[in-house]
Amino acid sequence: MKLILFLWMSMSCLAQTRTVAVISHRGEHLHHPENTMPAFEESVRAGADYIEVDVRTTSDGKLVLMHDRQVDRTTNGTGDVAQMTFDEIRALDAGLKFDQQFAGTKVPTFDEVLDYARGKIKIYVDVKQVSAKELVDHIVSHGMKDNVVIYSGRIAKPIQELNPGLKIMLEAGRADFAQRLVDELHPKVLAFDANDFKPDVIAVAKKGGALVYVDRLGPADNPAAWQQAIDLGADGIQTDRPEELVKFLREKGYH
C-alpha cells in the first residue's frame, strides 16, 4: 500500500512539473557586447534555451544583427544599417565601445548565428527590417525551422503563408486584441511585456493553445518578478540575466 501511495505521489509531482524557457535578451549582454558571438556563446554556457537576436537587412541584401536602426550606439561607426553595404558593416568594431577586451568583435550575420545555434540553442528572432521570404529562406536552409520563434506582427501572416510550420509570435496587447490574433492567426506563442501581462490576456493565450513568453528586463529582472511571472502562467521569460535565471528555475524545478 505504501509503495502504491509513493508511486502515485511521484506521478502526481511529475504531472505538475512545468518547464519555463530562458530567453537571453540580445545574448548575455551585461558582460558581453549585445548581438555578438561572445554574447551568444555565453548564453549557451549559461544554459539558456533561446538567444534573442535582432535582424536587419543591409543595402545589398545581407541579413545582419543589430538592434538599433543605426550602428552608432554599439559600434565605432555611424549610419543606418539599411543604407550601408555588408562590407561596410563588417568593417565595424562591435566590441570596442563595450570593453577593450572585445575589440575586433564583428557584427554577425544571421547565417553565422543560425549555424552556431544549430544543436546548441534555439533562436528568438526579433524582426526589425527584413522580408518574410528572406527570413524564411535563411531559417529553413540552415535547418533551424523547428528551433526558432519569430516575433513580428508586420510580416507574421506572410511567414505563415510561406511556411505554416514556423512558430510566429505576436504581441498580446489587450484581451480583445489577443483573442482576434488567436482566432485569425493561431499563433503558437504570444509575447507579453509589463503592459499586457494581465490575467485576462494570459487566459486568452492559454485557452488558444499559445505559449506565454514575457519580458522581465531592467528593474523587473529579479527573482520576485520571475516567480510572479511563473505564478501567472509564463512559459518563457526573456531576461538580461540568463545565468541567474537558469539557476533560479533549476532550484525551483522549472528547468
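Protection proxy ranking for 40-50, 25-35, using the average of other Cβ atoms within 10 Å per residue and placing the highest first: 25-35, 40-50. Between the residues 227, 91, 169, the greatest Cα displacement towards the positive end of the dipole of the chain, with unit charges on the Cβ of Lys, Arg, Asp and Glu, is found for 227.
Here each label is just a point 7 Å from Cα along the line to Cβ, and for residue 217 and residue 76 those points are 2.7 nm apart. Going 7 Å from the Cα of residue 111 along its beta-carbon direction, which residues of the range 49-65 have the amide nitrogen within less than 19 Å of the resulting point? What the label zone holds, given the 19 Å backbone N cut-off, is 54-65. Roughly how far apart, in whole Å, are the Cα centres of the range 194-252 and the range 152-180? Result: 20 Å between the Cα centres. Considering the range 31-159 at the alpha-carbon level, its Rg and Dmax are found to be 14.0, 43 Å.
Charges were assigned to the Cβ only: +1 to each Lys and Arg, -1 to each Asp and Glu. The resulting dipole of the chain about its Cα centre is roughly 860 debye.
Going through the range 147-180, which trypsin sites (Lys or Arg not before Pro) have at most 11 other Cβ atoms within 10 Å and a DSSP loop state? Present the calculation step by step, with values, prior to reporting the outcome.
Numbers: sites: 154, 167, 174, 180; in loops: 154, 174.
The qualifying sites are 154.
One chain, two ends: residue 224 and residue 186. Fully extended at 0.36 nm per residue, the span grows by 10.5 nm beyond their Cα-Cα distance. Looking at the chain, the pairs of alpha carbons with a distance over 26 Å make up 43% of the total. Straightening the chain between residue 177 and residue 133 buys 13.2 nm, computed as 0.36 nm per residue apart minus the Cα-Cα spacing. When you count the other C-beta atoms within 10 angstrom of each residue and take the mean per peptide, 192-201, 109-118 line up highest first as 109-118, 192-201.
Take 53-59, 230-236 and order them by the average number of nearby Cβ atoms within 10 Å per residue, most first; the result is 53-59, 230-236.
Values quoted throughout were computed directly from the atomic coordinates according to the rules given, and no laboratory measurement underlies them. These figures come from a predicted structure and were not determined experimentally. Positions of Cβ are generated from backbone atoms using ideal geometry, with glycine treated the same way; all protein chains shown enter the neighbour counts.
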